[in-house]
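Inspection log for the structure reproduced underneath, given as structure tokens.
The values are calculated or read from the model by the stated rules, or taken from the named source; none is laboratory data. This structure is a prediction, so every number in the text was calculated from the model and none was measured. Cβ placement follows ideal geometry from the backbone for every residue including glycine, while neighbour counts extend to all protein chains displayed.
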Amino acid sequence: MLNSYERLLTGNKEWAKDKLKDNPEFFKNLILGQSPEYMWIGCSDSRVPANEITNTQSGEIFVHRNIANMVVHTDMNLLSVLYFAVETLKVKHVIVCGHYGCGGVLAAMENKDHGFVNNWLRNIKEVYNKHAKELDAISDKLKRADRLVELNVIEQVHNLAKTRIVQEHWKKRELEIHGWVYGVEDGLIKDLAVSYCDIKNVEPVFRYDL
């Protein structure tokens, strides 16, 4: 019996073989580079793979993932990925995609101690606090969590709009940022209809004079 990690290596060989069978030039084409139109900021949850749920191929989506698909203004990892995506790859769309049943969101709704993760969950708790009146009015915990998932995505799209990186490129070219939520229970993506393509939705205090 294969060890669990060896199963991944075996799976890789089978995947590569199948790709070459379908298209003998597949890997030769990948070597030429990438020019994706999309950047994806998603949750680290293993059930939400960007390429699979959007039926796209390798090279079509530039991906960053973290717990609960957060855009934190002090996260140098996220900002570096964002900068590379819009400055070098010239992506046309940046998508924040959350998902219903998000463990990070559920944890943030609790008062339990989650150790080091508390520092990250604090950002989600701030979103809850901002929308507490609406959320506290939802008696069903799971429905409240689903709504927090949506509100969290909306806040992260807004956080993207506050970054100098996005605002600088709005001055140069077309760039759109969007908010989606994926339903694990049915496999469908819900467009939250929150899309920004210019600075008009950003509060004046967060606007850079570029």
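Of note:
- Within the stretch 36-64, the residues that satisfy the criterion of being under 16 Å from Tyr100 (Cα atoms) and crowded, with 17+ Cβ neighbours inside 10 Å are Ile41, Gly42, Cys43, Asp45, Val48, Ala50, Ile53.
- Residues being surrounded by fewer than 15 Cβ atoms within 10 Å (Cβ to Cβ) and among the polar types (S, T, N, Q) - total across the stretch 65-94: 4
- Extreme residue, farthest from Ile165 (Cα to Cα), among residues of the stretch 190-206 that are β-branched (Val, Ile, Thr) and surrounded by 14 or more Cβ atoms within 10 Å (Cβ to Cβ): Val194
- Test result for Asp186, loosely packed, with under 13 Cβ neighbours inside 10 Å and either within 22 Å of Val48 (Cα to Cα) or of a type in the set (A, V, I, L, M, F, W, C) (or both): yes
- Some residue of the stretch 30-49 being at pLDDT below 95 and outside any loop (DSSP other than H, G, I, E, B): yes
- Of the residues making up the stretch 63-78, at least one is under 21 Å from Ser195 (Cβ atoms), part of a helix (DSSP H, G or I) and not β-branched (Val, Ile, Thr).
- Helices (runs of 4 or more DSSP H) completely within the stretch 96-152 that count 2 or more residues being charged (D, E, K, R): 118-130, 132-136
- Among the candidates Lys92, Lys190, Lys200, residue that is over 19 Å from Arg65 (Cα atoms) and either out of contact with any His (no Cβ under 7 Å at 6 or more places or on another chain) or at pLDDT below 95 (or both): Lys200
- In a residue-by-residue description of the stretch 186-193, the property of being in the same structural domain as Glu110 (by TED's automatic domain parsing), without any contact (Cβ under 8 Å) to a residue 40 or more places away in the chain and either part of a helix (DSSP H, G or I) or in contact with a Pro (Cβ under 9 Å, 6 or more places away or on another chain) (or both) applies to no position.
- Pairs where the first residue, in the stretch 137-156, is under 17 Å from Gly103 (Cα atoms) and the second is of a type in the set (Gly, Ala, Ser) and in a helix (DSSP H, G or I), C-beta under 8 Å, 6+ apart: Leu148/Ala108
- Of the criteria (1) of a type in the set (Ser, Thr, Tyr); (2) part of a loop (DSSP other than H, G, I, E, B); (3) in contact (Cβ under 8 Å) with a residue 24 or more places away in the chain, which one Tyr83 fails: (2)
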